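Comments concern the structure below.
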Amino acid sequence: MSAGSTPRRPTAEPAGHGHPRSGPPQFGGKYRKYLSLTTFKRDGTGVATPVWFVAEAGKVLVITGADSHKVRRIHQNPAVTVAECTASGRLRSSPVPARAQILPCHQAPRVRQLMARKYWLDRIVILPVYRAVQTLCHGRRPQTESVVLVITPGS
């Protein structure tokens, strides 16, 4: 290292680096609660959002408001990236390219059951606090309709 240069922080290796892996990456281990979903604006700028998710048959399922900005961006461009993250959005794995598909609200009940099973304690403790803060600070009304995002990693 030359004088005056700053030391570089080591970077984390991508998940599975050096180990061959067949098929798309697997998300949704027992303690993995958040996924960073990056959608893209028309100008190509990525917008990352930490979301709750469930994994099923090699796909990632997310429930979100039908009128959310991420749904609008996915309508324009279904290419997304996903990575495991913390609740604040700090990445825990390397982003993986994926494709998102929007399913209508009648698909939501089955996915809600899967989410309720995985996030039962979070739904009791965290979700009411989150909704109260959103209402008080941002004046947001409760969402009336939801859609299911089906995300296929590696597409």
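The values are calculated or read from the model by the stated rules, or taken from the named source; none is laboratory data. Quick caveat, the model's predicted, so the values are computed rather than measured. As a convention, Cβ positions derive from the backbone with ideal geometry for all residues, glycine included, and neighbour counts pool all protein chains shown.
Odds and ends about this structure:
- Once region 34-49 is narrowed to residues that are under 16 Å from Ser94 (Cβ atoms) and in contact with a Leu (Cβ under 9 Å, 6 or more places away or on another chain), the residue that is surrounded by the fewest Cβ atoms within 10 Å (Cβ to Cβ) is Ala48.
- Scanning region 113-122 for residues that are surrounded by 14 or more Cβ atoms within 10 Å (Cβ to Cβ) and either modelled with pLDDT of 90 or more or among the basic types (Lys, Arg) (or both) returns a single hit, Lys118.
- Restricting region 17-39 to residues that are assigned to a strand (DSSP E or B) and modelled with pLDDT under 95, the residue that is farthest from the chain's Cα centre (by Cα) is Tyr34.
- Residues being among the small types (Gly, Ala, Ser), more than 14 Å from the chain's Cα centre (by Cα) and closer than 21 Å to Gln107 by Cβ - total across region 40-92: 3
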